[in-house]
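The values are calculated or read from the model by the stated rules, or taken from the named source; none is laboratory data. Note that the coordinates shown come from a computational prediction; the quantities given were computed from them, not determined experimentally. Note that each Cβ is placed from the backbone with ideal geometry, even for glycine, and that neighbours are counted across all protein chains shown.
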Amino acid sequence: MAENARPRVLVTRRWPAAVEDKLSELYDAEFNSEDVPMTVEDFRAALVAFDAVLPTVTDRMGPEVFDGLVPRTKILGNYGVGFSHIDTAAASRLGIVVTNTPDVLSDCTADIAMTLLLMVARRAGEGERELRAGAWTGWRPTHLVGTKVTGKVLGIVGFGRIGQEMARRAHHGFGMTILVQNRSKVAQEVLDQVGAVQVDSVEALMEASDFVSLHCPGGAANRHLVNADRLARMKPGGFLINTARGEVVDEAALAAALTEGRIGGAGLDVFDGEPRVAPELMAAPNLVMLPHLGSATRETREAMGFRVLDNLAAFFAGEAPPDRVA
Ligand code: DGY
């Protein structure tokens, strides 16, 4: 980069206007005006042309994107907390730093997990569809009877920031008992804040919980963490909520468990290969599905953008970016 030249920055999707304005003020910024996911070829061209590339969850940056390149790009500032769509090992081999946007989306993602939990337990999706279809015949004692949430057991897989926010809502708002399964040992004082108990295995958690909510990272290590065997361990009538990543759940096994009535229901905000939704899921009963809305509030989407800007500012000032993940 010539001295005094502003870094060239590519933003792969449209961002909230306030953040785009700030980016344009600070950098030589370009925005993917078509607002569609970039292709492998687009990325390879971008990595040799820009100093920073700012991708999102819709940008599949596998090994083929990085293979054999001599990049100009020094930093990938991911707009989002999850980064399993980026081959961080391949990026690191080329000397590219990767950052994400933790914290700022924890509240809103936990809100969507709680929304799904309540919707599926109380059959709110079914009720809304029935009413809009003009099929509601009036109040009756046996109509759309759901499951009480207050006082039940919620099992949380992955006790990072979002899992902890979910626990807070469920415990303090709904008097739920919290079980936690996490890769590493969670500090006792963190568990105590929500009266939680950490269990040793996903199996133990599935067996003991009325509701299971997934808050672990995606990627190869957690692919089909919830599989047919683990679904079979859930309590009859239990509920599964996924706001993490689609690949964490074996969707065919989930659809079978729902169709056969082995579990009570599920709520999904994320899908394997989204925006495609597996036909088995479309046909499954007792399932509430949302189009990846976890962080979708004005406040959060702006905060995510400004968090990327903080990382860029630190990086281009020669400091350690606060949210470096690779
Ligand atoms: C996240 O931040 O990981 C959300 O799922 C959107 O990418």
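Which pairs turn up if I take residues in the stretch 37-57 that are in the same structural domain as THR88 (by the TED database) and look for partners that are among the aliphatic types (A, V, I, L, M) and within 15 Å of the ligand (Cβ to nearest atom) with beta carbon separation below 6 Å, at least 6 apart in sequence or on another chain?
VAL53/LEU76; LEU54/VAL11; LEU54/VAL308
Among the residues of the stretch 148-168, count how many are more than 9 Å from HIS215 (Cβ to Cβ) and surrounded by fewer than 19 Cβ atoms within 10 Å (Cβ to Cβ).
Of the residues in that region, 5 qualify.
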